[in-house]
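Asks: Got a structure for you, written out below as structure tokens; questions coming shortly.
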Amino acid sequence: MKLLIIGAGGFIGSNLIEHLIERGDHEIVGVDITKDKLFGIEGPNFTYVNADITEAHDLAEKLVSESDIVVDLIAYANPSIYVETPLEVVKLNFFENIKIAEMCMLHGKRLFQYSTSEVYGKSGHAGAYNEDTSDLIMGPTGKQRWIYASGKQYLERIIHAHGMRGDIEYTIVRPFNFVGPRFDYLVEAKTLGGPRVFAHFMSALITGGPMYLVDGGNQRRSFTHIDDASDAFTTLLDNPASINQIYNIGNPATDTSIRELAHYMMELYEELTGKRPENELIDISGEEFYGVGYEDMDRVPPDISKLKALGWSPTRGMRQTFADAIEYNLDERIHASIL
Ligand code: UGA
């Protein structure tokens with residue numbers, strides 16, 4: 001089978017391609033505007049196509065028509081971008097993704113659509129978030145942070161409606177804070193906004209700068225090792241039961257507050273490097289850190305029973321997840337630019 005991975009050069013795409021090359025079962029075509037994160041990732045069953053599919057629609061359609069399965073990963077995924085340039089987010093994350101879904105329908109291709117755990121929004125109930133029963137609750141329109149999750153939610157709903165009508169075979173996945181090698185990008189000390197939390201805390205450990213705790217740091221996330229996430233993808237790929245279904249990919253065992261994460265990463269960094277971090281932890285408001293229009297989820301706990309029923313379970317806990325991601329960034333070639 002031939003898999004077309006759109007957005008191959010990002011964090012999730014590059015790790016997925018590495019995993020699929022190793023597995024060796026499929027021919028893989030990866031398309032992206034950049035291949036930086038694909039550096040050194042090569043195999044006889046992998047072809048990289050350098051293209052901006054938001055411009056090269058004919059090429060995108062040709063690649064879709066020549067594939068069996070399309071994996072759509074293109075998206076902005078950093079909250080700072082949702083606050084700063086909300087319309088760019090909708091353009092890429094909604095309108096461009098809809099075009100890909102339409103190409104899949106036109107050519108009868110199965111679609112794996114990456115969505116987000118953020119679609120649950122401020123889901124009010126106490127338990128873990130379930131794909132088929134939890135409500136999806138967005139904040140006010142004036143808080144433009146929610147434009148991202150609203151766009152993803154609408155994308156999901158449209159794909160689902162087409163699935164109901166028999167227009168497409170799809171699988172939607174909702175990632176819960178994947179972490180690992182090649183995650184986001186590092187930043188200089190005292191940078192506000194920018195990448196996601198692991199990259200900020202990692203940068204602080206390297207530069208000795210402060211770690212910012214947005215709005216108190218009591219909000220919670222659970223983090224998923226990127227290799228568990230890649231295993232989850234192949235479980236879905238191999239299992240016809242995943243057709244026209246939505247799946248959370250997460251690891252409930254790693255549930256932690258952001259404040260606890262800052263301390264955890266400092267301890268782990270010391271254990272891995274022998275250097276004692278002395279970062280200052282600074283409380284900062286969401287508005288100051290990201291800009292006006294930021295709001296947040298207090299908690300994002302995944303219910304993974306649906307994917308477990310297909311035989312997948314996360315096997316990497318907090319330690320391996322963060323040790324692998326930290327160790328990748330200890331390489332001087334990775335972190336030299338921010339010192
Ligand atoms: C982001 C995306 O918006 C989601 O779509 C995506 O599913 C998710 O990442 C993911 O990685 O899977 P979020 O979890 O809010 O959502 O991303 P982060 O930027 O990593 O923020 C996590 C928490 O840390 C937030 O509460 C944020 O305010 C806080 N934070 C971030 C800090 O306290 N300090 C920082 O330096 C950075």
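Asks: Criterion first (more than 20 Å from residue 95 (Cβ to Cβ) and not charged (D, E, K, R)) does residue 17 satisfy it?
Replies: Values: more than 20 Å from residue 95 (Cβ to Cβ): yes; not charged (D, E, K, R): yes.
Yes.
Asks: Another one. If a residue has to be part of a loop (DSSP other than H, G, I, E, B) and either of a type in the set (A, V, I, L, M, F, W, C) or more than 15 Å from residue 280 (Cβ to Cβ) (or both) to count, how many in the range 192-237 make the cut? Explain how you work it out, then say what you get.
Replies: Within the range 192-237, the first condition is being part of a loop (DSSP other than H, G, I, E, B), and the residues that meet it are 192-196, 208-210, 215-219, 222-223.
Next, from what is left, pick out any that are either of a type in the set (A, V, I, L, M, F, W, C) or more than 15 Å from residue 280 (Cβ to Cβ) (or both): 192-196, 215-216, 218-219, 222-223.
Matching residues across the range 192-237 total 11.
Asks: Here's a follow-up. When the residues of the range 19-48 are narrowed to those that are assigned to a loop (DSSP other than H, G, I, E, B) and among the aliphatic types (A, V, I, L, M), which ends up surrounded by the most Cβ atoms within 10 Å (Cβ to Cβ)?
Replies: From the range 19-48, those assigned to a loop (DSSP other than H, G, I, E, B) are 24-26, 33-35, 39-45; that's our starting set.
Retained after the next criterion (residues that are among the aliphatic types (A, V, I, L, M)): 33, 41.
Values: 33: 14, 41: 19.
Result: 41.
Asks: Whether any residue in the range 284-302 is under 19 Å from residue 129 (Cα atoms), surrounded by fewer than 19 Cβ atoms within 10 Å (Cβ to Cβ) and of a type in the set (Asp, Glu) is what I want to check.
Replies: Scanning the range 284-302 turns up at least one residue that is under 19 Å from residue 129 (Cα atoms), surrounded by fewer than 19 Cβ atoms within 10 Å (Cβ to Cβ) and of a type in the set (Asp, Glu).
Asks: Okay, moving on. State yes or no: is residue 174 closer than 30 Å to residue 108 by Cα, among the basic types (Lys, Arg) and within 20 Å of the chain's Cα centre (by Cα)? Full working, then the answer.
Replies: Numbers: closer than 30 Å to residue 108 by Cα: yes; among the basic types (Lys, Arg): yes; within 20 Å of the chain's Cα centre (by Cα): yes.
The answer is yes for residue 174.
Asks: Got at least one residue in the range 256-270 being of a type outside the set (Ser, Thr, Tyr) and assigned to a loop (DSSP other than H, G, I, E, B)?
Replies: The answer is no; no qualifying residue exists.
Asks: Right, another one. Is there a residue in the range 131-149 that is over 22 Å from residue 89 (Cα atoms), more than 12 Å from the ligand (Cβ to nearest atom) and of a type in the set (A, V, I, L, M)?
Replies: From the range 131-149, those over 22 Å from residue 89 (Cα atoms) are 131-135; that's our starting set.
After this cut, where a residue has to be more than 12 Å from the ligand (Cβ to nearest atom) as well, the list is 131-135.
Then keep just the ones that are of a type in the set (A, V, I, L, M); that gives none.
Checked the range 131-149: no residue is over 22 Å from residue 89 (Cα atoms), more than 12 Å from the ligand (Cβ to nearest atom) and of a type in the set (A, V, I, L, M).
Asks: Out of the range 199-209, which residues are open to solvent by less than 20 Å² (accessible area, probe 1.4 Å) and within 11 Å of the ligand (Cβ to nearest atom)? Show your work before the answer.
Replies: Step one: of the range 199-209, the residues open to solvent by less than 20 Å² (accessible area, probe 1.4 Å) are 199, 201-205, 209.
The answer is 199, 201, 202, 203, 204, 209.
Every residue, every condition in (1) modelled with pLDDT under 95; (2) charged (D, E, K, R); (3) under 30 Å from residue 221 (Cα atoms), yes or no:
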position	(1), (2), (3)
49	no, no, no
54	yes, no, no
67	no, no, no
79	no, no, yes
84	no, yes, yes
88	no, yes, yes
106	no, no, no
113	no, no, yes
124	yes, no, yes
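One line per residue, one yes/no per condition, for (1) farther than 14 Å from residue 248 by Cα; (2) open to solvent by less than 40 Å² (accessible area, probe 1.4 Å); (3) among the β-branched types (Val, Ile, Thr):
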residue	(1), (2), (3)
122	yes, no, no
128	no, no, no
133	no, no, yes
138	yes, no, no
142	yes, no, no
147	yes, no, yes
154	yes, no, no
159	yes, yes, yes
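Asks: What is the number of the single condition among (1) within 25 Å of residue 302 (Cα to Cα); (2) within 13 Å of the ligand (Cβ to nearest atom); (3) open to solvent by less than 30 Å² (accessible area, probe 1.4 Å); (4) within 20 Å of the chain's Cα centre (by Cα) that residue 196 does not meet?
Replies: Among (1) within 25 Å of residue 302 (Cα to Cα); (2) within 13 Å of the ligand (Cβ to nearest atom); (3) open to solvent by less than 30 Å² (accessible area, probe 1.4 Å); (4) within 20 Å of the chain's Cα centre (by Cα), residue 196 violates only (3).
Asks: How many of the residues making up the range 117-160 are β-branched (Val, Ile, Thr) and either assigned to a loop (DSSP other than H, G, I, E, B) or without any contact (Cβ under 8 Å) to a residue 40 or more places away in the chain (or both)? Working first, answer last.
Replies: The first filter runs over the range 117-160 and keeps only residues β-branched (Val, Ile, Thr), leaving 119, 133, 137, 141, 147, 158-159.
If we keep only those that are either assigned to a loop (DSSP other than H, G, I, E, B) or without any contact (Cβ under 8 Å) to a residue 40 or more places away in the chain (or both) as well, we get 133, 137, 141.
Total satisfying the criteria: 3.
Asks: Taking the residues in the range 161-191 that are hydroxyl-bearing (Ser, Thr, Tyr) and in a loop (DSSP other than H, G, I, E, B) as candidates, determine which candidate is surrounded by the fewest Cβ atoms within 10 Å (Cβ to Cβ).
Replies: Restricting attention to the range 161-191, the residues satisfying the condition of being hydroxyl-bearing (Ser, Thr, Tyr) are 170-171, 185, 191.
Imposing the further condition that a residue be in a loop (DSSP other than H, G, I, E, B) reduces the set to 185, 191.
On the way: 185: 17, 191: 19.
Within the range 161-191, the match that is surrounded by the fewest Cβ atoms within 10 Å (Cβ to Cβ) is 185.
The values are calculated or read from the model by the stated rules, or taken from the named source; none is laboratory data. Only a predicted model underlies this, so the values are computations on that prediction, with no experimental measurement involved. Glycine also receives a Cβ, built like all others from the backbone with ideal geometry; neighbour counts cover every protein chain displayed. Protein only, heavy atoms only, side chains kept; ligands, DNA and RNA dropped before computing areas. Shrake-Rupley method; radii C 1.70, N 1.55, O 1.52, S 1.80 Å.
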